[in-house]
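One structure is given below, encoded as C-alpha cells.
The values are calculated or read from the model by the stated rules, or taken from the named source; none is laboratory data. What you see is a predicted model, and the numbers here were worked out from it, not measured in a lab. Cβ coordinates were reconstructed from backbone atoms using ideal geometry, including for glycine residues, and neighbour counts include every protein chain displayed. We work out accessible area using only protein heavy atoms, side chains counted, and drop any ligands, DNA or RNA first. Shrake-Rupley method; radii C 1.70, N 1.55, O 1.52, S 1.80 Å.
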Amino acid sequence: MQVVLRQDGSASVKEVRQVRVSNEGTEGFITFKDMGDIEVCDLQVCDETDSCYAVEESWDIHRTRKEKHGRCGYHRISGGVELCWGLGDAGSRTYEIHYTLTNLVKAYEDYDGFNHSFYEAANSPAREARVAIRLENDSLTKENSGIWTFGYYGYKDFEGGGCEATTDGAMNDGDAIIILLQLKKGLLDPTVKKDESFTETVKRKALEGSDYDLEDAGLYGNASFQFGSDVLPEEEEVDTEVVIVVFVIVGIIVSVFIGAWVSNKRDEQRKRRLRERFSQLMGGFSFDDMPYYRNLPLGGNLLLSGATLSAVKTLEKKGGSVMKDVDKIGLQQLYDAFLLRMFYKEKVQMAYSEVNGEQQKLFRINEPVDPGENADLTDVLTVNSWCGAELNKNEAVGYSTEANAKKMYKGYINDEGIEYHLHRLLYEAAGEDHLLQPNELRQYVEDNPLTWRPFASILNYLTAKTIDDKNLDIDNVQQVVGFLRYLKDFSLVAERNIEETRLWKEYLVYAAFYGIADQVSRDMKKVAPDVAQLHILVPPEELVRDIKPLAEAIAGTVVYVNSFMTQEERELVQRLRESRSSSSSSSYERSSGGSGRSSYSGGGGHSGGGGSGFR
C-alpha cells in the first residue's frame with residue numbers, strides 16, 4: 001500500500017494486491033468501518049492487463065463471477081462501506097486499487113495526525129504486507145513526525161522521505177496493520193480541526209495495552225483510563241540471534257518459511273489456549289445465551305464487576321474474536337456511575353442560580369462523611385502492588401512514599417472508598433458556598449495538583465491493571481456477563497415484581513457504568529409504568545445528561561493531575577533520559593516514534609478495519 005497525505009488531510013491510497021486466484025469465489029473486497037467523518041471515494045481498480053474496471057455506485061454482491069468481471073463498486077453495509085471488484089480469470093493476478101480517504105489527518109491542538117487500520121486480514125490473509133506513507137509536498141522524518149504501529153509482527157521505519165510498516169512473515173486472520181502517525185504542526189493544513197489534544201485523546205488510547213514505553217513515547221506515567229488494557233501478558237519476541245544463525249546456515253528462503261511456520265504455530269497455540277479459557281469461564285455459553293443474572297453482580301461491587309467484564313472481553317478478543325454488545329468500560333463511565341450513585345444518596349444535588357437573567361445549573365455538594373477503612377481488594381488490586389509499581393518506576397519523581405500511600409489509601413480500594421474521595425474532591429473544590437461549577441473543578445486541581453496526584457494515580461492503576469485470566473472466577477464471570485445481558489434485554493424479560501424495583505436505582509448505576517443508562521431508563525418505564533413513585537426510582541434521561549458535564553470535568557482533572565510534574569521533576573526526568581545506557585537507545589527510539597519492531601497489542605481507538613480478502 002502507498003499512502004500519500006495531501007495538504008487538506010485527505011489521503012490518496014494505492015493498494016497493489018498480488019494474488020493466485022482459484023476458480024472459486026467471485027470478488028475481492030476491502031471493508032471500512034468505524035470511519036467517523038472519513039469518507040471513502042474516487043474508487044478505481046485496474047489489473048495486470050492495464051484494464052481499468054467500470055465503477056458502480058451500488059454494488060450487488062450476489063451476482064455471478066461472470067457478471068462481476070471487469071467491474072468494481074461500493075457496497076454499503078451497516079456501519080460502513082466495502083470496496084468490491086470482480087475476480088475475473090483464474091491464475092496469477094495483480095489488482096491495483098486506488099481510492100481516497102477524506103479527513104484522515106486531523107488538526108489537534110498539539111499535533112496533527114491519525115490512528116487508522118490500513119489492513120485487517122480476514123479470509124486469505126496476506127503472506128507479506130507493506131504500508132508506505134509519505135507527504136504530497138514534503139518529507140516525513142524522525143524530526144517532524146513519529147510512527148507507532150500495532151496488530152502485526154514486523155517493523156516500522158523511516159526511509160526515502162516517508163515512513164512504512166512491514167510484516168516479517170505471514171499474517172493470520174484478525175491481524176491488522178494499525179498505524180498511529182503524529183505530525184508536527186505546519187506540515188499540513190487539515191480541514192478538520194479538533195479542540196483537543198492529540199496526545200491525550202488519540203495517542204494515549206492507542207498506546208495503552210501496547211508494549212511501547214509510555215514515558216519514552218512522551219506520555220508521563222501510565223495514564224491509560226480504560227479497564228482491561230493490560231489483562232494478559234504479552235508473548236516474548238523471537239530471538240533475533242537465532243534467526244540470524246538460521247539465515248547463515250540454511251539461507252534466506254528456508255528461514256522465511258521456518259519463521260512463518262513458527263509464528264503461525266505460536267499464534268495458533270496462544271489463541272487456542274485463550275479461546276479454551278474463555279469458553280471455560282463462560283461455562284460453555286455465548287453472550288447471547290448466557291442465563292440472566294438478576295441480582296447485582298459480585299454483591300454490588302462496581303469496580304470488581306467492571307474489571308472482570310473487561311478482562312473477559314480482552315481475553316476473547318486476544319483469542320481471535322470480539323464479544324458482541326460489550327463496550328469497553330472506561331474511567332468516564334466510572335464517574336458517570338459514581339455521580340449517579342451520589343445523586344441517589346443526596347450527596348450531590350442540582351442547584352440553580354440566576355446569572356444575567358438566565359438560570360444556570362450548579363451542583364450543591366454536601367459534606368462527605370468518611371466511611372472508615374474497609375477491606376480492600378487484596379486478592380486482585382492491592383495498594384501494596386500499586387505502591388511498589390510507582391516506586392520502582394520512578395522513586396525520585398515526587399510520588400508519595402510507600403508508607404504515606406498506604407496510610408492515605410489502604411482500605412479505600414473499593415467502591416465506598418473511591419466514592420468518598422471523589423466526593424471529597426468535589427466538596428473541597430466547591431468552596432465555602434458548597435456550590436460547584438464544572439470549570440471550578442479544573443481551576444481547583446490546577447491550584448492543588450500535588451494534593452490529588454496520588455489519588456489520580458491510584459484510580460489509573462485500578463483501571464489500567466486489572467485481572468489476569470488465570471485469576472478470574474467462573475462464577476464471577478457468569479454473574480457479570482449474565483447481569484449485563486439482563487440489562488440489555490430489560491424490556492424483553494416479562495416478569496417484574498415490587499421487590500425487584502428496590503434494586504432499580506442500582507440497576508441504573510450499573511447501566512451508567514456500562515454506558516447504556518438511557519436505554520435501561522426507557523426500558524424500565526415501559527415495563528412498569530404504574531409502579532408508585534417510579535419517577536423517583538428511575539430518573540428522567542435529563543438527569544443522566546445533567547451530570548455529564550461534571551463527570552467529564554472530573555475525567556479531565558484526573559488526566560491533568562496524574563500527568564502533572566513540577567519543574568524539578570521535569571528536570572529529573574530529563575536527566576534520567578539523558579543518562580540512559582546505549583543498550584536502551586533502540587528501545588527509546590522505537591517507543592518515541594522512530595524505527596523498531598511493531599507492537600502486536602495496543603492500537604485502541606483506531607478508525608478503519610473490518611477485514612479484507614476474497615470471497
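Of everything listed in (1) outside any loop (DSSP other than H, G, I, E, B); (2) open to solvent by less than 30 Å² (accessible area, probe 1.4 Å), the single unmet condition for Thr94 is (2). Just so you know, in the stretch 195-225 the residues that are touching an Asp or Glu at 6+ places or on another chain (Cβ under 6 Å) and surrounded by fewer than 22 Cβ atoms within 10 Å (Cβ to Cβ) include one that is modelled with the lowest pLDDT, and it is Asp211.
Within the stretch 127-136, take every residue that is open to solvent by 80 Å² or more (accessible area, probe 1.4 Å) and under 27 Å from Ala217 (Cα atoms) and give me the one that is modelled with the lowest pLDDT. Outline the logic, then answer.
Keep residues of the stretch 127-136 that are open to solvent by 80 Å² or more (accessible area, probe 1.4 Å), which gives 127-128, 130, 134, 136.
Filter again for under 27 Å from Ala217 (Cα atoms), leaving 130, 134, 136.
Working: Arg130: 94, Arg134: 94, Glu136: 89.
By that ranking, first place goes to Glu136.
Out of all the residues in the stretch 313-355, which are more than 18 Å from Ala511 (Cα to Cα), in contact with a strand residue (DSSP E or B) (Cβ under 9 Å, 6 or more places away or on another chain) and at pLDDT below 75? Answer for the stretch 313-355, where residues must be more than 18 Å from Ala511 (Cα to Cα), in contact with a strand residue (DSSP E or B) (Cβ under 9 Å, 6 or more places away or on another chain) and at pLDDT below 75: just Glu354. Taken as a whole, the condition of being surrounded by fewer than 22 Cβ atoms within 10 Å (Cβ to Cβ), part of a loop (DSSP other than H, G, I, E, B), hydroxyl-bearing (Ser, Thr, Tyr) and over 24 Å from the mean Cα position of the chain (by Cα) applies to Ser124.
Against the conditions (1) at pLDDT 95 or above; (2) within 23 Å of Gln2 (Cβ to Cβ), Asp50 satisfies every one except (1).
Might you check whether a residue that is among the hydroxyl-bearing types (Ser, Thr, Tyr), part of a loop (DSSP other than H, G, I, E, B), open to solvent by 20 Å² or more (accessible area, probe 1.4 Å) and modelled with pLDDT of 75 or more occurs anywhere in the stretch 587-594? The answer is yes; a qualifying residue exists. Which residues, taken from the stretch 62-79, are within 20 Å of Asp42 (Cα to Cα), open to solvent by 30 Å² or more (accessible area, probe 1.4 Å), under 37 Å from the mean Cα position of the chain (by Cα) and not charged (D, E, K, R)? Passing the criteria: His75, Ile77, Gly79. I need the full set of residues from the stretch 21-46 which are among the acidic types (Asp, Glu) and open to solvent by less than 20 Å² (accessible area, probe 1.4 Å), in order please. Scanning the stretch 21-46 gives a single hit, Glu27.
Strands (runs of 3 or more DSSP E) fully within the stretch 1-61 that include at least 1 residues being closer than 29 Å to Gly603 by Cα and under 32 Å from the mean Cα position of the chain (by Cα): 2-5, 11-21, 27-33, 40-47.
Return the residues of the stretch 172-186 that are part of a loop (DSSP other than H, G, I, E, B) and either open to solvent by less than 10 Å² (accessible area, probe 1.4 Å) or out of contact with any Ser or Thr (no Cβ under 9 Å at 6 or more places or on another chain) (or both); say none if nothing qualifies. Spell out how you get there, then give the answer.
Step one: list which residues in the stretch 172-186 are part of a loop (DSSP other than H, G, I, E, B), which gives 172-175, 184-186.
Residues satisfying the conditions are Asp173, Asp175, Lys185, Gly186.
Looking across the stretch 97-118, the residues that are touching a Lys or Arg at 6+ places or on another chain (Cβ under 9 Å), open to solvent by 10 Å² or more (accessible area, probe 1.4 Å) and not in a strand (DSSP E or B) come down to Tyr108, Glu109, Asp110, Tyr111.
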